[in-house]
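No value in this document is a laboratory result; all are computed from the given coordinates. Remember, predicted model here, so these are calculated numbers, not experimental data. All Cβ positions, glycine included, derive from the backbone under ideal geometry; neighbour counts span all protein chains shown.
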Amino acid sequence: MSAFGISVNSVSPGFIETPLTEEGLQNEKFAAAIARNTALGRVGTSEEIANIIAFIASPEASYMTGTDVLADGGWLIK
């Protein structure tokens, strides 16, 4: 927290399964390309991203500020 009690953190998700991505994931070639290019070999879920957000909004993350949490399943390292 800053001197004003405000922490600023963000989450940068990778490809997440949502109603907006459902149609694309039904395309087998597209889904396979996402899995092939993600180190964990799959898309993420909205619940996984929500868990990260819940943590950075919780008191357990009280010493964390100015941080971006990259949650891309290893897309950038692949």
Quiz item: Working from the pairwise distances between different alpha carbons, so that the mean of 1/r is found and then inverted, what is the stretch 13-71's Kirkwood radius in Å?
Solution: 13.0 Å
Quiz item: Taking neighbour Cβ counts within 10 Å as the exposure measure, how do PHE15, PHE55 sort from fewest upward?
Solution: PHE55, PHE15
Quiz item: Which cross-chain or sequence-distant (5 or more) residues have an amide H under 5 Å from the amide H of ALA71, H modelled 1.01 Å from N in plane?
Solution: SER12, GLY14
Practice problem: Return the long-range amide H neighbours of GLU17 (sequence gap of 5 or more, or a different chain), with a cut-off of under 5 Å between placed amide H atoms. | Solution: GLY44, THR45, SER46
